[in-house]
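One structure below.
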Protein chains: 2
Amino acid sequence: MLQALMRPKSIAVIGASRTPGKVGHAILENLLKAGFEGTIIPVNPTADEVLGLRCFPSLAEAETSIELGIIVVPNKSVMEALEHCARAGAQAVIVISAGFKEVNAEGAELERKIAGFCRSRRIRLLGPNCLGIINTENKMNASFAAQMPKPGHISVISQSGALCTAILDWSAFRGLGLAKLISIGNKADICETDLFTELAEDEQTRVIVCYLESITSGDEFVKVAEQVSMKKPVVILKAGTTAAGGKAASSHTGSLAGADIAYGAAFRRSGVIRSDGFEALFDSAMALAMQPLPKGDRIAIITNAGGPGIMAADAIENMGMQVKPLEHALSTALAMKLPAAASVGNPIDVLGDADPERYAVALDAALDDETVDAVLVILTPQAMSNPAGTANAIIKKLRGNKPVVAAFLGGRDVMPAREVFLSANLPEYSSPERAVAAIKSMCEYAVWRNRPPRVVTRFPVNRRRVERIMSRQRRGGRREIGEVEGKEILKAYDFNVLPGVLARTADEAVAFQEKIGAPVAMKIVSPDIMHKSDFGGVKLGLSSADKVRDAYDLMMLRIGRRCPDAELRGVYVEQMCRPGREVILGMSRDPQFGPMLMFGLGGVFVEVMKDVSFYLAPITHEEAMEMLENTRSYALLKGARGEAAVDLHAIADALQRISQLVTDFPQIEEMDINPFIVHEVGSEPVVADARMMLSEG
Amino acid sequence: MLQALMRPKSIAVIGASRTPGKVGHAILENLLKAGFEGTIIPVNPTADEVLGLRCFPSLAEAETSIELGIIVVPNKSVMEALEHCARAGAQAVIVISAGFKEVNAEGAELERKIAGFCRSRRIRLLGPNCLGIINTENKMNASFAAQMPKPGHISVISQSGALCTAILDWSAFRGLGLAKLISIGNKADICETDLFTELAEDEQTRVIVCYLESITSGDEFVKVAEQVSMKKPVVILKAGTTAAGGKAASSHTGSLAGADIAYGAAFRRSGVIRSDGFEALFDSAMALAMQPLPKGDRIAIITNAGGPGIMAADAIENMGMQVKPLEHALSTALAMKLPAAASVGNPIDVLGDADPERYAVALDAALDDETVDAVLVILTPQAMSNPAGTANAIIKKLRGNKPVVAAFLGGRDVMPAREVFLSANLPEYSSPERAVAAIKSMCEYAVWRNRPPRVVTRFPVNRRRVERIMSRQRRGGRREIGEVEGKEILKAYDFNVLPGVLARTADEAVAFQEKIGAPVAMKIVSPDIMHKSDFGGVKLGLSSADKVRDAYDLMMLRIGRRCPDAELRGVYVEQMCRPGREVILGMSRDPQFGPMLMFGLGGVFVEVMKDVSFYLAPITHEEAMEMLENTRSYALLKGARGEAAVDLHAIADALQRISQLVTDFPQIEEMDINPFIVHEVGSEPVVADARMMLSEG
């Protein structure tokens, strides 16, 4: 799709400069230096020749067609350059020039114009305000970054141009090859998802590494990232995650949701590996690009030093994986081949004087062992150590059946080993902890890749009824939906709501209580009062006519005094629910990623402990169950402290119904079912209270 | 005190070898190569000369006294070598030889013998089974590690010899100097605390870095580490922290405590900076060794690239520190000196084409600003960047009034800057996150250093009474102390216990209830039943004679049936406590560090959420308050959800009384006060139930 951007046969550099140090010079120089084999046409009105190439005063005068235009002229002249590119048949352009959205409103307007122009001419646009693109496959350095990486299998997409130069400098130093490096700048046209799609099909690319500050379209992102992640891993560092979200929320769910949680939910859903730092980004990427995925999380450690072996074992346990000793037969056989003082437990300690052969023998045993899913090889440079020789012995043993990573601790002494490893696609790390973290990211990705197909259940519901309630609500000009209508809506989606009436007089309330002959709850109904209990608007367990009448009168009296302006519709009288475990189910619509469902145990668990989980809607049954499992208080639901387990599947069902409701009705901005009361397995949970907030307009 | 080990004037190498590659050769060679200026006496019965030095068949024949003996002979010959050293007047020896405690019981016996011998002759012993010692101050490399570091201000103590070699290799590569490097091996005599004390007084040492697998004496460790930390920072990587603790616990507190929690509590108490990985260890140490401590946690960021600036800001917020923009006057003045497109917020963005001068100007402003406590300078190598020049401009501006650290991202291009920084004692990191983590460790240490003096309150208590109960208990041969005696003990330490009697008949129970005329709780009393409620042995809120009699009879009947062998002493009848917030107070004695106090909210908060905090006893009032604050559920105690706050100081008092009790009575192994019922401010909390476990024998 982006053929002209990635693999152009001809490139025009508009703004090519003869002055070294200028960006327009650097780009041309880089194209030449890297060895681009297509046609290069420099354009500059004041030069006849640049860097040995004939230069044209304008693209028109070159009288040739081009595939890719690189524009390095001042922002005001970009549009004219684009027009020339269009006339020359360009299918893609890179606008390096800055001075657009990133500076001011005028720049933003200019950016809209150039993007609109490109769209109308079906020209794909990278940038503006970017560093350019590097493709090692066709030796194209179409950027103003001087360093050309060697070919490799990691492709980098970065929203920060400066980070691209740091990555190039770092990878050159590290000897790490790259496939493509793409600076996306202001993303006026080509954005991360376009490139995900492109790189998913790129044979050179095994892992996509991405630094993002913003996401262009949340829906598109989740869809594309999920598809691409099925083919190859996508590792993302999302910066700017802690910035205080300015969104005012009217529900519990809304107040607990935030941009960072939404990104987390989106990444989890789409299989994206989230990285929490610059080094971790490439630590994960190297492992994923170079080694097969593990089948499980059982790790064997081979080391010539006790200390670092223990450090690795600590890290493995801390990250929730398993330190795996070899199976008995294999460890016995290995012991025969190692000195008596060696340990064949886990860590496998080949001793301080280990030669390459000892490492090779131990690695062979670990690779033979089907109960070992990944191997970490550790070396510290001791008197008898031969780091490079050991690395060579290790890479000869690799079979590609399970991941092997190395942590060779030190500096100069282990440097030669690093080169051997990299040349054989074996990732090497400078500390045991980083090696283990890289294995962890492989494990998590493997679990995601092997997850069962997602099947979202559609429940038969009464959608029409909800539509009627919604339009009634909208006619009334109210965004808040309180308990009465909220429960009507939920009933239509087959939620269990206890018998109740909206009583407009004390007599009506009494009549209802007498009819059902059971204790009732009474709650004030007013569109102006969302937090009923704050105003004395809730009374529970009323079991006689007298008590109901007293409660009604008192409520009216007090609310009338405390909120004289509130519109009082009456009192909702409802059969009391038998006691059970109170949970909260909710939804908050993220501006980027749409509806996020929330689950948590009620009361203090949500308000104080903030022990909740969020998933993007629509969810499957498995995901709904994961929502429960991913809270710390899950043990309580399963029946800790001698209590019976509650019906977990009934909660999961309810979450799926909410998922369907908020997918069907995008005007629902936020909602809480709080509390949702659940009981023993086989029973039906009850919606005890509910509220929703509709979108404006 | 370890003068002869650290700065000997004369050294004998017993086991000096002529064969390159042998440890006995390497040590002599390293001593010579590093330029040790004292006398060196090689001892080897089969050589006349080694490496140009006259060699003696035995130390006796050298007919000279020595200060330090280095022993490299096989384990069986070590004792003889020690005797020779003693005769030659050695005040310290290093036993490099292996084959001791680390191999088998026989080796352990040999180790005890050599340690005993050294003790009897007042010779300090380093090792056995160690790499040796390096002191850059007197150019002494008394180890078999070939690399001699350059002088610096970080001293390293390591329980892993292999890690020492890795550290030497890494620091040489990094250009980082060291003060001492000491491999402590099996710690038969000299252990971490001896060295802490020694290095605390060492002028060359500014930071002590320590890799530990075990601690020789917990009490001594806490005492010494606290004293040393008041003088200089101690950064420790404790490995082997996740190993499942095998201790069977009979209390809640005991089951939640563990070795890792105990180390955490000991480190927190003694001001030790805990590091969670090999790289983090030196990241922290470099910052602490090279820069002044920050006065607070307000960090200014100066960067030439937006992306890494955002990454740093994320890290600062995630670690609970503050991203601090400059004060208005300073930022306005700075804006005048920077290009219009630069940002003077935080991050201060000096733009991609920033020259050294721009960095210098921005740094000056940040150093001027008294509301900025630390500065992080970030650079990515862009076309116009001058990393080394920038580093030079930065170091010229340093004033030593607040810490400045750098993160120059990349590889070869930024390498020259790293050297400039190191030479000027400015720590430099390869990612923004690592730089921020290093600042965080400085902030935490600064807070600890500035904490108020620890004052442990001694409450007037009836210690004699507890002694009597304890000896009664011991005579009875019982380790478990149940509710009745437990409350007696706590009453003696001025805890509030409600009126109650141990009723041996239903009549006695009824009589008590009628006397107090209030609802009572009844609980079975049997030394064989610790979990009373599991056996129907608890009834609450009994307010009439009938109910008390029914409860008594039922309890006896049921317990008799379900635990026919249990010794039933009767039923404890106690006035009901008015409802309040239930918390749990407890103590578990760690084998290393002694009594650890625990605090948590009762019920699910402890059992399911494991939301508890541990501190080493004895504690101060401030520490007791911190124990409350360090639980996630603290907000509930302070009065979340419209409830009144409970009396926090009353809980803190109770924790201090437990602290005093378990310090006074070391035979108390574990205890729980569960629940401890607390009410509004000004009220006295109540011990609702309590149990203790005494040590064996």
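Rule-based calculations on the coordinates, nothing more; no lab input. None of the values given here were measured: they were computed from a predicted structure. Neighbour counts run over all protein chains shown; Cβ positions are idealised from the backbone, glycine included.
Packing here is the average count of other Cβ atoms within 10 Å per residue, and on that basis the peptides A:331-344, A:60-73, A:681-694, highest first, run A:60-73, A:681-694, A:331-344. The slack between A:ASP364 and A:ARG463, meaning 0.36 nm per residue of separation minus the straight C-alpha distance, is 29.5 nm.
Here chain A is treated with +1 on each Lys and Arg Cβ and -1 on each Asp and Glu Cβ, and its dipole about the Cα centre works out to around 1060 debye. Peptide B:406-413 has a mean of 6 when you count, residue by residue, the C-beta atoms of other protein chains within 10 Å of its C-beta. With a simple spin-label model that places each label point 7 Å from the Cα along the Cα-to-Cβ direction, the separation between A:VAL103 and A:VAL681 comes to 6.8 nm. Neighbour counts of C-beta atoms inside 10 Å place B:LYS238, A:LYS223, A:LYS295, A:LYS515 in the sequence A:LYS515, A:LYS223, A:LYS295, B:LYS238, starting with the fewest. What pairs in A:LYS231/A:LYS440; A:LYS539/B:LYS532; B:LYS232/B:LYS440; A:LYS180/A:LYS232 have C-alpha atoms more than 25 Å from each other? Check vs 25 Å cut-off fails for A:LYS539/B:LYS532. Of A:PRO499, A:ALA518, A:LEU540, which is farthest towards the positive pole of the range A:463-575's charge dipole, taken about the Cα centre with +1 and -1 on the beta-carbons of Lys, Arg and Asp, Glu respectively? Value computed over the given set: A:PRO499. Net charge near B:ILE299, counting Lys/Arg +1 and Asp/Glu -1 over other residues with Cβ under 15 Å of its Cβ? In short, -3. Report, for chain A, the % of DSSP beta bridges that are antiparallel, rounded to 5. Counting only bridges with both partners in chain A, antiparallel ones make up about 50 percent. In nanometres and ascending order, the distances from the A:HIS328 label point to those of the other copies are 7.8 (point 7 Å from Cα along Cα→Cβ).
Here the Karplus curve 6.51 cos²θ - 1.76 cosθ + 1.60, taken at θ = phi - 60°, turns the phi angles of the range A:46-60 into couplings of 10, 10, 8, 8, 9, 6, x, 9, 5, 10, 10, x, 8, 4, 4 Hz, with x standing for Gly and Pro.
Once you charge only the Cβ atoms, +1 for Lys and Arg and -1 for Asp and Glu, what is the size of the charge dipole of the protein assembly as shown about its Cα centre, to the nearest 20 debye? Spell out each step's value before the answer.
Values: 154 positive and 168 negative charges, 100 e Å.
About 480 debye.
Between the listed residues A:LEU367, A:PRO564, B:VAL466, the Cα displaced farthest toward the positive end of the dipole of the protein assembly as shown, a dipole computed from Cβ unit charges relative to the Cα centre, is found at A:PRO564.
Partners of B:LYS610 within straight-line reach, counting aspartates and glutamates whose Cα lies under 16 Å from its Cα and excluding those fewer than 8 residues away in the same chain: A:ASP611, B:ASP260, B:GLU582, B:GLU629, B:ASP672.
With +1 on the Cβ of every Lys and Arg and -1 on the Cβ of every Asp and Glu, and nothing else charged, how large is the dipole of the range A:463-575 about its Cα centre, in debye rounded to the nearest 20?
Details: 22 positive and 17 negative charges, 102 e Å.
My answer is approximately 500 debye.
Ordering B:HIS531, B:HIS252 from the fewest to the most neighbouring beta carbons within 10 Å gives B:HIS531, B:HIS252.
Karplus-derived 3J(HN,Hα) values for the range B:155-170, using 6.51 cos²θ - 1.76 cosθ + 1.60 with θ = phi - 60°, are 9, 10, 10, 9, 7, 10, x, 4, 5, 4, 5, 5, 5, 5, 5, 5 Hz; glycine and proline are entered as x. Using the Cβ of A:ASP507 as centre and a radius below 15 Å, the other residues enclosed give a net charge of -1, where K and R count +1 and D and E count -1. Positive end of the dipole of the range A:581-694 (Cβ unit charges, origin at the Cα centre): among A:VAL612, A:PHE593, A:ALA690, the Cα lying farthest that way belongs to A:VAL612.
For B:LYS295, the aspartates and glutamates whose Cα comes closer than 19 Å to its Cα, not counting residues fewer than 8 places off in the same chain, are B:GLU317, B:GLU327, B:ASP364, B:ASP368, B:ASP369, B:GLU370, B:ASP373, B:GLU444.
Could you work out the mean count of beta carbons from other protein chains within 10 Å of each residue's beta carbon in B:524-533? Could the numbers behind the result be given before it?
Details: counts 0, 0, 0, 0, 0, 0, 0, 0, 0, 1.
Shielding by partners across B:524-533 averages 0.
I'd like the antiparallel share, as a percent to the nearest 5, of DSSP beta bridges with both residues in the protein assembly as shown. Provide the component values of the computation, followed by the final result.
Details: 106 of 206 bridges.
Among the beta bridges of the protein assembly as shown, antiparallel pairing accounts for roughly 50 percent.
Would you please put B:113-119, A:268-274, A:467-473 in order of how densely packed they are, using the mean number of other Cβ atoms within 10 angstrom per residue and starting with the highest? Walk me through the numbers before you get to the answer.
Values: B:113-119: 17.7, A:268-274: 21.6, A:467-473: 14.6.
Per-residue mean Cβ counts within 10 Å order the peptides as A:268-274, B:113-119, A:467-473.
Amide H to amide H distances under 5 Å link A:ALA690 with A:ASN674, where only residues 5 or more positions off or on other chains count and H is placed in the peptide plane. Between B:GLU669 and B:MET693, B:LEU694, B:SER695, the built amide H atoms are under 5 Å apart, and every one of these is 5 or more places off in sequence or on another chain. Taking amide H as placed 1.01 Å from N in the peptide plane, the amide H of B:VAL50 sits under 5 Å from that of B:CYS55, each at least 5 places away or on another chain.
Peptide B:155-166 shows a mean partner chain C-beta count of 6 within 10 Å per residue C-beta.
Pop the C-beta distance of B:ARG449 and A:LYS638 into the FRET formula with R0 = 51 Å and round what comes out to the nearest 0.05.
Working: r = 46 Å, r/R0 = 0.90.
After rounding to 0.05, the efficiency reads 0.65.
The simple spin-label model puts a point 7 Å past each Cα toward its Cβ; for A:GLU419 and A:ALA329 those points are separated by 4.3 nm. Between B:ALA383 and A:ASP353, what is the FRET efficiency for a Förster distance of 56 Å, r being their Cβ-Cβ separation, to the nearest 0.05? FRET efficiency, B:ALA383 to A:ASP353: 0.65. Phi angles across the range B:143-150 convert, under the Karplus curve 6.51 cos²θ - 1.76 cosθ + 1.60 with θ = phi - 60°, into 3J(HN,Hα) values of 9, 9, 8, 5, 8, 9, x, 7 Hz, Gly and Pro given as x.
At a Förster distance of 45 Å, what's the computed FRET efficiency of B:THR46 paired with B:ASN401, Cβ-Cβ distance as r, to 0.05?
Values: r = 62 Å, r/R0 = 1.37.
Approximately 0.15, to the nearest 0.05.
Using the Cβ atoms and a cut-off under 15 Å, what net charge is assigned to the surroundings of A:HIS679, where Lys and Arg are +1 and Asp and Glu are -1? Residues close to A:HIS679 contribute a combined charge of -3.
For the range A:1-25 and the range B:485-551, what is the separation of their Cα centres, given in Å? Here the answer is 89 Å between Cα centres.
A straight Cα-to-Cα reach below 18 Å connects B:LYS547 with the aspartates and glutamates B:ASP507, B:GLU508, B:GLU514, B:GLU574, residues fewer than 8 places away in its own chain not being considered.
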